[in-house]
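Read the structure below first, then the notes.
None of the figures in this text is laboratory data; all of them are computed from the coordinates on show. Predicted, not measured: the structure shown is a model, and the values here were computed from it. Cβ sites come from the backbone with ideal geometry, for glycine too, and all protein chains shown count toward neighbours.
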Amino acid sequence: MMYQTVETGEALDAEVLSAQWMELLELYRGDAIKAYPGARYQWAAVPHFYYVYYVYQYAADVCYAASIAERITKGEEGAAEDYLSFLKLGASDSPVELLRTAGIDPLSEETYRYALTYFSDLVDEYEQMVDAK
């Protein structure tokens with residue numbers, strides 16, 4: 001919401017953000033939790049809401065990690081060595097090139113399709129375990 005507001009040329013201020021935060025709290029919590037008056041400003045204590053697309057970066061990193069782990073756990077030839085090479089490089093190159101060293105192409109749709117399938121399978125497995133109880 002914040003990025004969309006700015007991209008359309010509208011301004012953000014504490015009251016706009018506070019109102020949006022309260023809408024989200026009500027949506028997610030319903031009437032199960034009563035918010036205290038200062039709760040409307042809690043968004044300001046969570047910098048990843050407004051700092052350089054932090055949540056997007058985190059989600060993308062989880063996708064890459066899932067792909068790297070899959071290569072290694074399936075026993076793909078060279079996967080562990082690729083990962084070690086990736087780690088040894090530190091921050092010596094662009095993120096795209098570093099990930100390619102690990103055998104992952106962050107510019108490929110396949111990377112994200114794989115991650116969605118992987119996490120969907122985990123949810124399915126969890127649901128089966130819950131149903132089995």
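Using Cα springs under 10 Å in a Gaussian network model of the chain, which residue among Asp13, Asp121, Asp105 shows the largest mean-square fluctuation? Fluctuation is largest for Asp13.
Convex hull volume of the Cα atoms of the chain, normalised per residue: 180 Å³.
In loop segments of segment 52-132 as defined by DSSP, the GluC sites (Glu not before Pro) with at most 12 further C-beta atoms inside 10 Å of their C-beta are Glu76, Glu77. Only lysines eight or more places from Lys88 in sequence, or on another chain, were considered; those with a Cα closer than 30 Å are Lys74. Distance from the Cα centroid of segment 22-39 to that of segment 64-133 is 36 Å (rounded to whole angstrom). Of the residues Thr101, Thr73, Thr111, the one that moves most in a GNM of the chain with alpha-carbon contacts below 10 Å is Thr73. Helix-only estimate, please: 222 nm mean residue ellipticity of the chain, summing -39500 (n - 2.57) across DSSP H runs of length 4 or more and dividing by its residues, to the nearest 500. So the helix-based figure for the chain works out to -20500 deg cm²/dmol. For the chain, modelled as a Gaussian network with Cα springs under 10 Å, which listed residue fluctuates most, Gly78, Gly103, Gly30? For the chain, modelled as a Gaussian network with Cα springs under 10 Å, the answer is Gly30.
Within segment 1-66, the chymotrypsin sites (Phe, Trp or Tyr not before Pro) that combine a DSSP coil assignment with at most 16 other C-beta atoms in a 10 angstrom radius are Tyr50, Tyr51, Tyr53. Working note: Cα atoms of segment 54-132, range along each principal axis, descending, whole Å: 47, 31, 19. When its C-alpha radius of gyration is set against 2.2 N^0.38 Å (N residues), segment 2-49 gives a value of 1.23.
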